[in-house]
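The values are calculated or read from the model by the stated rules, or taken from the named source; none is laboratory data. Just so it is clear, the structure is predicted and the values come from calculations on it, not from any experiment. We place every Cβ from the backbone using ideal geometry, glycine too, and count neighbours over all the protein chains shown.
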2 protein chains.
Amino acid sequence: MSIKSEMISLAERAKRASEELARLSTPAKNSILKNMARGILKRKKEILRANERDVELTKKKGLSRALIDRLALKPARIQNMAKSLRKVASLPDPVGRIIRTTRRPNGLVIKKIKVPIGVIAMIYEARPNVTVEASGLAFKSGNAVILKGGSEAQNSNLIITKILNETKSLPKNAIQLIGTTSRQAVKELLRLDDYIDLVIPRGGEGLIQMVRSQSTIPVIAHAKGLCHTYVDRDANLDMAEEIVYNAKVQRPGVCNALETLLVHKDIAKRFLPRMIERLEGVGVEVRGCPKSRRIVLSINKAGEIDWQTEYLDLILSIKIVNSLEEALDHIARYGSNHSEAIITRDKKAAERFLKAVDASAVFVNASTRLNDGGEFGLGAEIGISTQKLHARGPMGLEELTTYKYLVYGKGQVRT
Amino acid sequence: MSIKSEMISLAERAKRASEELARLSTPAKNSILKNMARGILKRKKEILRANERDVELTKKKGLSRALIDRLALKPARIQNMAKSLRKVASLPDPVGRIIRTTRRPNGLVIKKIKVPIGVIAMIYEARPNVTVEASGLAFKSGNAVILKGGSEAQNSNLIITKILNETKSLPKNAIQLIGTTSRQAVKELLRLDDYIDLVIPRGGEGLIQMVRSQSTIPVIAHAKGLCHTYVDRDANLDMAEEIVYNAKVQRPGVCNALETLLVHKDIAKRFLPRMIERLEGVGVEVRGCPKSRRIVLSINKAGEIDWQTEYLDLILSIKIVNSLEEALDHIARYGSNHSEAIITRDKKAAERFLKAVDASAVFVNASTRLNDGGEFGLGAEIGISTQKLHARGPMGLEELTTYKYLVYGKGQVRT
């Protein structure tokens, strides 16, 4: 069978599964999700073993620390996989919920109700936890899912999807992993808009651009996060230090981590020495603009390329700005519309920042790392959308549904 | 200047305009909309003159009756243009509305608020009223719009956008019409995802397919409506007759008009003769399946191609089915997920139909022609989305906005 016809029959199977999934009751779905969690925990060792193989092969290839951080599973991360499935089971089911009922002057009754999207293809990089989370969320929201994970995680993904698919009562083909790591398979898949309703690419710019240009299916990109934190003139500097440290260091390999720190000139001399000392103390490489390098002599030089770079690593670029407006200009120019923060006690500055910044989430006095489905109370997320259509920011169960109108008449016609 | 750089500077201008538009107050926008309506009425003659030129040229080219129906303006249609602008002025402004406020256990306050999408490109066929409606809706929802209408309507569109742009206080470049009718211009435009946030193609399958395959910008397609009405065994036949007549005849050239009538075998003999007589009486060409042709001898033969065709004309295909399930299968196979109707007094049949049919709007005992923003109480619509992401069915002001999260902290970090 050619790759093309293989992809078509995979997508056809998904479409048939989606019809069955749309009819499942909430209790049935929740019970299956809890059994998935049990399966994952019970077979933890198999997953760890497969993941070790993936990690070893990846280390041999000499790939980046950020990639290995995302790929490597420890027992705690597997616990978290099971926990996320149980969490999804506990969340309210959006499917069938009536969003609005309208009675029109001509007597028509119009109900707008939530329905599953249908078939979702998820293309992502080497993060095995995404395999579990995407499967759980797609399933609970009544969608069939086609998964294509990064080739570095292929052994982990194979065993995880095998375990999930062995869950009792899970409709066949609800969760399918593309077995091949061929790029051609993905290209064929991206043309199947008759079967697949949504494709979610989650990863670096190369992946996103490839999907955007190849796909005839609607795309919701989970693209890069080049996130800034701006420490304003009126910031509480102790608070700023904690927030910046958290945003850069707590998990540098993910999209809502801090990449560029903007500091108002009036507080730079007081703030930067202590901030940089603390960051360097945990191994962060700091690169600064000329002004910041006159304040802290030890740091490296930051240039144009740094403002454009999502490091995803223990590297931070720093720029001193003359004003809030200059910070806003920098963010408008280099930001990726993902997560942006201001640290300030000045309410007017905060409101100006909130209004002017075009990003999925804009923070005042908090870490950009908090742009997350769990932290936002969505329960869990399939990723963070960096585009504006359908879903922006964390995508949870609600965002994995669409709606339709049910219209009840008594013979009404158009006049 | 090359077409490419022309399109880039047009898109750049739109992006700058969108920043200004996002800041306009609701009263300012409403006053501008009312002035637009005045401008359209005052210069009605100029519009009619330009439109006459378009209609004459189009008739010479021998294009279809449906196309000319959509293109031709009469004084009443211009009145409706002005009316639609005043209507949009009267509608609530979604921009800035708080969708939800959440307080998290860690004290974070998260506000989800409605914001404009940004820059919207609208690609449509020869319907000058769309030029007005799209401009009014995009403007009220704080978006800049780039319009590319069908070349047959170019004279009408030029004068309409000229009049709109001469409205006092309208920000410059809020409404731009692509002056050239070159296909290359559109192709260049569809790659400008740095500037344009959404493209809405509204028209035939060729246009939609071209946009889907060329665009790197998110697309919301307003594609074909191959709409069915199923007259069930338990239908009130008088009601069925009125609804079918309305859905086919009232305005056959539009997407929510009826194309294929499905009739349960048990009532076909009672229903079809009177129905067909009435339709033929107003010039509808009826094409039927073999069974229906044994009931009414005068009608033409319908074949596979008819089930696949959106006539957009005074033509109707008819199929007799053995059951509700057969009707559902036919709709699943040939329908375009647009508008589908069942005529029945049987509540269980109605619920089965509502649940099983995958369409933007599913009707019980009403005409598919009612799938419309105005009829649904959205006030006005930019079109009817036939896809599932972001907006499904009629797209009004709400659907022309997105959201962002404003997050208020007191030093919260990720733990």
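Which one of B:216, B:180 is among the hydroxyl-bearing types (Ser, Thr, Tyr) and surrounded by fewer than 18 Cβ atoms within 10 Å (Cβ to Cβ)? Only one candidate passes the filter, namely B:180. Evaluating residue B:380 against the criteria (1) at the interface with another protein chain (Cβ under 9 Å from one of its Cβ atoms); (2) under 27 Å from residue B:87 (Cβ atoms); (3) part of a loop (DSSP other than H, G, I, E, B) leaves one unmet condition, (1). The strands (runs of 3 or more DSSP E) falling completely within the range B:89-134 include none with 1 or more residues that are acidic (Asp, Glu) and at negative phi.
Can you say whether residue B:316 is facing chain A (nearest Cβ under 8 Å) and either assigned to a helix (DSSP H, G or I) or in contact with a helix residue (DSSP H, G or I) (Cβ under 8 Å, 6 or more places away or on another chain) (or both), as far as the supplied structure shows? So residue B:316 does not fit the description; no. Only a single criterion out of (1) at pLDDT below 95; (2) of a type in the set (Val, Ile, Thr); (3) outside any helix (DSSP H, G or I) is not satisfied by residue B:68, namely (3). Taking the range B:250-280 as the range and being among the charged types (D, E, K, R) and in contact (Cβ under 8 Å) with a residue 60 or more places away in the chain as the test, only B:251 passes. Counting just the residues of the range A:335-352 that are within 11 Å of another protein chain (Cβ to nearest Cβ) and of a type in the set (A, V, I, L, M), which one comes out nearest to residue A:220 (Cα to Cα)? The qualifying residue nearest to residue A:220 (Cα to Cα) is A:341. Would you please name the residue that is farthest from residue A:305 (Cα to Cα), looking only at residues in the range A:229-243 that are touching a helix residue (DSSP H, G or I) at 6+ places or on another chain (Cβ under 6 Å) and crowded, with 23+ Cβ neighbours inside 10 Å? Ranking the candidates gives A:232 first.
Residue check: residue A:238 meets all listed conditions (1) at positive phi; (2) outside the structural domain of residue A:392 (by TED's automatic domain parsing) but one, namely (1). Which of the residues spanning the range A:308-332 are in contact with a Ser or Thr (Cβ under 6 Å, 6 or more places away or on another chain) and among the polar types (S, T, N, Q)? Once the filter is applied, which keeps residues that are in contact with a Ser or Thr (Cβ under 6 Å, 6 or more places away or on another chain) and among the polar types (S, T, N, Q), the range A:308-332 yields only A:317. On the stretch given as the range B:304-324, residues that are within 12 Å of residue B:288 (Cα to Cα) and among the aromatic types (Phe, Trp, Tyr) total 1.
Name every residue in the range A:22-31 that is assigned to a helix (DSSP H, G or I) and over 24 Å from the mean Cα position of the chain (by Cα), in order of residue number. Across the range A:22-31, the qualifying residues are A:22, A:23, A:26, A:27, A:28, A:31.
Checked against (1) part of a helix (DSSP H, G or I); (2) surrounded by fewer than 19 Cβ atoms within 10 Å (Cβ to Cβ), residue B:345 passes all but condition (1).
Screening residue A:204 against (1) surrounded by 17 or more Cβ atoms within 10 Å (Cβ to Cβ); (2) touching an Asp or Glu at 6+ places or on another chain (Cβ under 9 Å) leaves a single unmet condition, (1). Scanning the range A:151-161 for any residue that is part of a helix (DSSP H, G or I), surrounded by fewer than 18 Cβ atoms within 10 Å (Cβ to Cβ), in the same structural domain as residue A:24 (by TED's automatic domain parsing) and within 20 Å of the chain's Cα centre (by Cα) turns up at least one such residue.
From the list A:170, A:147, the one residue that fits, being in the same structural domain as residue A:31 (by TED's automatic domain parsing), among the hydrophobic types (A, V, I, L, M, F, W, C) and not in a strand (DSSP E or B), is A:170. Does residue A:72 satisfy being in contact (Cβ under 8 Å) with a residue 40 or more places away in the chain and either more than 20 Å from the chain's Cα centre (by Cα) or not assigned by TED's automatic domain parsing to the domain that holds residue A:255 (or both)? No.
For the range A:390-411, the count of residues that are within 7 Å of chain B (Cβ to nearest Cβ), touching a residue at least 12 places away in the same chain (Cβ under 8 Å), farther than 30 Å from residue B:368 by Cα and within 17 Å of the chain's Cα centre (by Cα) is at least one.
When the residues of the range A:292-312 are filtered to those that are surrounded by 18 or more Cβ atoms within 10 Å (Cβ to Cβ) and closer than 20 Å to residue A:65 by Cβ, the one that is farthest from the chain's Cα centre (by Cα) is A:306.
Restricting the range A:265-313 to residues that are among the hydroxyl-bearing types (Ser, Thr, Tyr) and assigned to a loop (DSSP other than H, G, I, E, B), the residue that is farthest from residue A:243 (Cα to Cα) is A:298.
Which residue is nearest to residue B:323 (Cα to Cα), if the candidates are limited to the range B:208-265 and must be small (Gly, Ala, Ser) and more than 10 Å from chain A (Cβ to nearest Cβ)? If we take residues in the range B:208-265 being small (Gly, Ala, Ser) and more than 10 Å from chain A (Cβ to nearest Cβ), then B:235 is nearest to residue B:323 (Cα to Cα). Pairs are defined by a Cβ separation below 8 Å, a sequence spacing of at least 6 or placement on different chains, a first member in the range A:358-372 that is under 12 Å from residue A:335 (Cα atoms) and at the interface with chain B (Cβ under 7 Å from one of its Cβ atoms), and a second member that is part of a loop (DSSP other than H, G, I, E, B) and of a type in the set (Lys, Arg); the pairs so defined are A:360/A:392.
Among the residues of the range A:373-387, those identified as touching a residue at least 12 places away in the same chain (Cβ under 8 Å) and touching a strand residue (DSSP E or B) at 6+ places or on another chain (Cβ under 6 Å) are A:373, A:376, A:378, A:381, A:382, A:383, A:384, A:385.
Every test in (1) in contact (Cβ under 8 Å) with a residue 60 or more places away in the chain; (2) touching a Phe, Trp or Tyr at 6+ places or on another chain (Cβ under 8 Å) is passed by residue B:137 save one, and that test is (2). Looking at residue B:340, is it under 17 Å from residue B:264 (Cβ atoms), buried (at least 22 other Cβ atoms within 10 Å of the Cβ) and within 17 Å of the chain's Cα centre (by Cα)? When the stated conditions are applied, residue B:340 passes them. Listed by position, the strands (runs of 3 or more DSSP E) contained in the range A:175-232 that have at least 1 residues being within 17 Å of the chain's Cα centre (by Cα) and at pLDDT 90 or above are A:198-202, A:227-231. Set side by side, the residues A:246, A:256 differ, and just one is surrounded by 20 or more Cβ atoms within 10 Å (Cβ to Cβ) and assigned to a helix (DSSP H, G or I), which is A:246.
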